[in-house]
Structure formats: structure tokens, C-alpha cells
Amino acid sequence: MLSLLLLFLYAVIVSLGAVAGTCTQGDDSRFFLSLVYGLPVFFMAFLSIYLSHTRVLISWIIAVKTLVLVIVISYFWGPLFLATSIKGVHLCGVEFTPDNSRNLYARLIPVVHLLLGIILMLLSINKLTGNKR
């Protein structure tokens, strides 16, 4: 049950990082803070799922919850991933995109969030298939 709470908390933290706050004068600190606050919760959720020895029903619930988590993260971070990683736009918008330099770390934030969500989903599916044996 701790896994479900941590997954919910991770989804809230990561989603709020994408939508809550403003980009006043190109300040993208809210995106960085979503990583700073989200990574410890991710590691706790990862360890909670990895070390859990639950029944099949709970494993199904966790797998469905992580699928919903990936959908929510993709909904909020997917457009930012396309804009920053593919098009090269600043996280706050086109008007803040520098002409010559590109901030690699800022461009990797949406990629990291999407990958971490996928890792949690794959781990929960792996635990589910391991429980069936």
C-alpha cells in the first residue's frame, strides 16, 4: 500500500512541476524543482515496488496505477518534450529561446520525467509477471 501512496505522490509532484507556477522572465526553476522533489519520491517508490512481496491483486492494482501515472506524466510533459527536445524551444516558450546557446539540462527534464515514469511502469509489470509464477 505504501507503493500506491508513493506513486500518487510522485504523479502529483511531477505534474505540478509542469503546470504550476509562472515563467516570469524565462525563470524555469519550477521545472528543475520538479526533478529535485520528484527524484527522492521516485527512488522510494522504486524500492517500495522492487522490495514488495504482495499478492497478485495488489500487483495488478500497482501495475494499473503505474500505467495511469505514465499517461498523466505523458499528458503534462509530452508537449514539453516535443517542444524542447525536438524543436529546441526553451521550457518557458519560444520567446525565451536563446539564439546561440541551448541549455541541455533544461531540455533533458521532460525526457527524464518520461523515462522515470516508464521505468516504474516496467518494474511494476515485471513484479506482476513474477507474482504469477
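The values are calculated or read from the model by the stated rules, or taken from the named source; none is laboratory data. Model, not experiment: these values are computed from the prediction. Note: ideal-geometry Cβ built from the backbone for every residue, glycine included; neighbour counts use all protein chains shown. Quick note on the areas: whole protein, heavy atoms, side chains included, nothing else; ligands and nucleic acids left out. Shrake-Rupley method; radii C 1.70, N 1.55, O 1.52, S 1.80 Å.
Would you work out the Kirkwood radius for the chain? I mean one over the mean of 1/r across all pairs of different Cα atoms, in Å.
Numbers: mean 1/r = 0.0645 Å⁻¹.
Hydrodynamic radius (Kirkwood, Cα pairs) of the chain is 15.5 Å.
Given the options L67, L35, L57, which has the most mean-square fluctuation in a GNM of the chain, springs set between C-alpha atoms less than 10 angstrom apart?
Among L67, L35, L57, the largest GNM mean-square fluctuation belongs to L57.
How tilted is helix 2-19 with respect to the longest principal axis of the chain? Cα atoms for both, answer in degrees (0 to 90, nearest 10).
Its long axis makes an angle of about 10 degrees.
Taking N as the number of residues in the stretch 31-100, what is its alpha-carbon radius of gyration divided by 2.2 N^0.38 Å?
On the way: Rg = 16.8 Å, N = 70, 2.2 N^0.38 = 11.1 Å.
Dividing the Cα Rg of the stretch 31-100 by 2.2 N^0.38 Å gives 1.52.
Pick out which of L120, L108, L39 has the largest mean-square fluctuation in a Gaussian network model of the chain, springs linking Cα atoms closer than 10 Å.
Looking only at L120, L108, L39, the largest GNM fluctuation is found for L108.
With every protein chain left in place and a probe of 1.4 Å, what is the accessible surface of M1, to the nearest 10 Å²?
150 Å²
Would you mind classifying the stretch 1-71 by shape? Square roots of the alpha carbon gyration tensor eigenvalues, ordered a ≥ b ≥ c; an a/c under 1.5 is rounded, otherwise it is prolate if a/b is larger than b/c and oblate if not.
On the way: a/c = 4.36, a/b = 2.46, b/c = 1.77.
Prolate, since a/c reaches 1.5 and a/b exceeds b/c.
Quote the relative contact order of the chain in percent (integer), defining contacts as alpha-carbon pairs under 8 Å separated by 6+ residues.
Values: 131 pairs, mean separation 45.1, N = 133.
It rounds to 34 percent for the chain.
For V12 and Y105, compute 0.36 nm times the residue count separating them, minus their Cα-Cα distance, and round to one decimal in nm.
Contour length minus the Cα-Cα distance gives 31.3 nm.
Could you give the nm distance between label points at L115 and S85, where each point is 7 Å from its Cα heading toward the beta carbon?
Placing both labels 7 Å beyond Cα along the Cβ direction yields 0.8 nm.
Using a probe radius of 1.4 Å on heavy atoms only, what accessible surface per residue do you get for the stretch 1-103? Whole Å² is fine.
60 Å²
To the nearest 10 Å², what's T22's accessible area with a 1.4 Å probe?
Estimated to the nearest 10 Å², T22 gives 90 Å².
Could you look at the chain and say what percent of its accessible area is carbon and sulfur, using a 1.4 Å probe and all protein chains? Before the final figure, lay out the partial values.
Details: 5570 of 7850 Å².
So the carbon and sulfur contribution to the accessible surface is 71 percent.
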